[in-house]
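Here the structure is laid out as structure tokens; the discussion comes afterwards.
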Amino acid sequence: MFVSNCYAAEMIARLFFLALGVAAALSAQGLEYVKAHYTKYEFRIPVRDGKRLFTSVYVPKDTSRTYPFLIQRTPYSVAPYGVDNYRANLGSERYAREGYIFVYQDVRGRYLSEGTFLEMTPHKAVKSGPMDVDESTDTYDTIDWLVKNVPNNNGRAGIVGISYAGFYAAAGMIDAHPALKAASPQAPIIDLFHGDDAYHNGAFFLAANFGFYTNFFEFKEPSRQLLREPIDVGRGDRYEFYLDLGPLSNADEKYFKNRNQYWTDLLKHTTYDDFWKARNLEPHIRNIKPAVLAVGGWFDAEDLAGPLKVFRAASRGAQPGQVTLVMGPWSHGAWSFGDANQLGVIHFRAKAGPFYRDNIEFPFFQHHLKGKEDPKLPAAYLFETGTNQWRKFAAWPPPEAPLRTLYFRAGGKLSLSPPDEAGAFDEYISDPMKPVPFTTGVPLGMNREYMVDDQRRAASRPDVLVYETDVLEEDVTIGGPVTVRLFASTSGTDSDWVVKVIDVYPPDYPDPDPNPAGVRMGGYQQLVRGEPFRGRFHKSFEKPEALPSNQFVKFEFAMPDVLHTFRRGHRIMVQVQSSWFPLVDRNPQKFVDIPTAKPSDFIKATQRINRSRATPSGIEVRVIR
């Protein structure tokens, strides 16, 4: 039986059917309501280079007033096609009943839109003529056509999207059409090499990308059909599947058959070269005119970094109140449906999804597109995990919060006091043939729950170093990025360093009720944030270098932001390891081209973490009072 990665199939289905990304699954209107209150039109909107972009437009039948446009541009199809075939839902019930002109567009080169699709279309900062097009120009031309050709519009437009559609929302607000008044990039892909989807600090995210690209093949011409070549990965443990795969080059030979250019590009461009630089949208997010609502989840396994990058870039030079960051206790896109109150066995004890949709997103669009009451959103509207409450910040991260370093100490201690030993270190043997699993469950792909997974099994392995504080006597809240500083050595010539920040629950922490899985929460080691760093990039992501064997090297990198309170009675733990499989591909621990490495290139290595007075290792956090 042919099956594709379950995560990829789920994601595509969700973005396909919940098209606007604004709670379509919640309070659904139903097909009969949509047909009774909206008329569907299909247009092939011309853009400046002569290509035509297929666009479905749902217009309210009530012509007694005017309406703003709410736009989503997507690579995942605007189906159902045909003017007599309607969507059963247009955004959430509140949007549909309030009245908007809903616009869904196949982006260039996907499904029924003409042109050539480019993954993460490079933005052209300088355009010399009508043939210089990108997602900014396609969005501009689309809005210009809509305003001039769709009756009963009020001359205002908003754009929204989750994940890949979030990228198009972010790209569309650059050099925006004057009618574009509000943009909400949600979990947007912004920089594929630096933390979104593909690479994290030079380490390739294998499980997510292998499954995703089995569903992402090139359109040679406009088509209503999803072009895919399902791959038989069986029904078993993906840990074993990817281990048996061997070097990554085998994926093309065994499965993609060199017919998937997107997958090939991932493995061809393993450094931060011109291919990735051109696809980094962040440098172009400046002088933004529309109001911006950047939305993401603290536990988004795919695009956690994207909304943080959008917020920081769009905030430069922005007017007060123009840009707002929203981060909640969510996995990828979870804020758009249901209560969004739980991830795995972790309960957040707050209906964070409805709160966001009712108190933040809907008022945001109502104000900017319809002139309704100003919700006066702060610069950052963030959910604090641990205490499970929403908090407002005038700036993020709060500049008044002091930076403190938690140092690795002897005996597995984690302390605010720096070490006083000379020449002290801890060590372990890393074997790429027996990599550390990234989840305690059976991985069937990208297990989203790994973002809050129990790390007790990892802590018990001899190839994982563990450092933890004493029991906390008072709450400790950290906010903003977490900076890792390691002084480390390897007996090989390359190495990955995976660092995890963990909340250790007290022994008497109550179990879930009901608890069908029999989970024991006492002593649970909840992952709060974890990131890999590929050692070869310690000097530059553009020009990797072999590591000097058995010599200590400084590795410094930032993890994406957190806002988490370690409660009184808990402990703070940090784990260090050199594999995280199959979330991250295996580093052979030998300086070779990893995708084409031979089986013999994968070697054991002795890894050492220095915790001496002169070269202390640890993590730097911002402590919020």
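Restricting Ala395, Ala401, Ala422, Ala340 to residues that are in a loop (DSSP other than H, G, I, E, B), surrounded by fewer than 18 Cβ atoms within 10 Å (Cβ to Cβ) and touching a Gly at 6+ places or on another chain (Cβ under 8 Å) narrows the list to Ala401. Residue count for the stretch 282-294 under the criterion of being in contact with a helix residue (DSSP H, G or I) (Cβ under 6 Å, 6 or more places away or on another chain) and under 12 Å from Ile190 (Cβ atoms): the result is 3. Just the residues that are under 33 Å from the mean Cα position of the chain (by Cα) and either without any contact (Cβ under 8 Å) to a residue 40 or more places away in the chain or assigned to a loop (DSSP other than H, G, I, E, B) (or both), please, taken from the stretch 45-60. Val47, Arg48, Asp49, Lys51 - these are the residues of the stretch 45-60 that are under 33 Å from the mean Cα position of the chain (by Cα) and either without any contact (Cβ under 8 Å) to a residue 40 or more places away in the chain or assigned to a loop (DSSP other than H, G, I, E, B) (or both).
Do the conditions hold for Leu563, that is, is it touching a residue at least 40 places away in the same chain (Cβ under 8 Å) and touching a helix residue (DSSP H, G or I) at 6+ places or on another chain (Cβ under 8 Å)?
So Leu563 fails the test.
Quick check on this structure: which one of Val464, Val436, Val471, Val476 is within 24 Å of the chain's Cα centre (by Cα), aliphatic (A, V, I, L, M) and closer than 30 Å to Glu384 by Cα?
Answer to the check: Val436.
One line per residue, one yes/no per condition, for (1) at pLDDT 80 or above; (2) touching a strand residue (DSSP E or B) at 6+ places or on another chain (Cβ under 6 Å); (3) among the charged types (D, E, K, R):
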residue: Leu192; (1), (2), (3): yes, no, no
residue: Asp196; (1), (2), (3): yes, no, yes
residue: His200; (1), (2), (3): yes, yes, no
residue: Glu282; (1), (2), (3): yes, no, yes
residue: Ile285; (1), (2), (3): yes, no, no
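Residue-level check: of (1) out of contact with any Lys or Arg (no Cβ under 7 Å at 6 or more places or on another chain); (2) not in a strand (DSSP E or B), Asn587 misses just (1).
Checking the stated criteria, Pro514 turns out to be outside any strand (DSSP E or B) and either surrounded by 22 or more Cβ atoms within 10 Å (Cβ to Cβ) or without any contact (Cβ under 8 Å) to a residue 12 or more places away in the chain (or both).
Considering only residues that are surrounded by fewer than 22 Cβ atoms within 10 Å (Cβ to Cβ) and not in a loop (DSSP other than H, G, I, E, B), which ones fall in the stretch 467-479?
Glu468, Val476, Thr477
For the stretch 290-315, the set of residues classified as touching an Asp or Glu at 6+ places or on another chain (Cβ under 9 Å) and either acidic (Asp, Glu) or assigned to a loop (DSSP other than H, G, I, E, B) (or both) consists of Trp298, Phe299, Ala301, Glu302, Asp303, Leu304, listed by residue number.
Considered as a group, the residues in the stretch 528-548 that are among the acidic types (Asp, Glu) and out of contact with any strand residue (DSSP E or B) (no Cβ under 6 Å at 6 or more places or on another chain) include one that is surrounded by the fewest Cβ atoms within 10 Å (Cβ to Cβ), and that residue is Glu542. Quick check on this structure: which one of Arg156, Arg87 is out of contact with any Cys (no Cβ under 8 Å at 6 or more places or on another chain), assigned to a strand (DSSP E or B) and of a type outside the set (A, V, I, L, M)? Being out of contact with any Cys (no Cβ under 8 Å at 6 or more places or on another chain), assigned to a strand (DSSP E or B) and of a type outside the set (A, V, I, L, M) holds for just one of Arg156, Arg87, which is Arg156. Checking the structure you have, find out if any residue of the stretch 549-561 is under 20 Å from Tyr407 (Cα atoms), basic (Lys, Arg) and surrounded by fewer than 23 Cβ atoms within 10 Å (Cβ to Cβ). Scanning the stretch 549-561 turns up at least one residue that is under 20 Å from Tyr407 (Cα atoms), basic (Lys, Arg) and surrounded by fewer than 23 Cβ atoms within 10 Å (Cβ to Cβ).
The values are calculated or read from the model by the stated rules, or taken from the named source; none is laboratory data. Please read all numbers here as calculations on a predicted model, not as lab measurements. Glycine also receives a Cβ, built like all others from the backbone with ideal geometry; neighbour counts cover every protein chain displayed.
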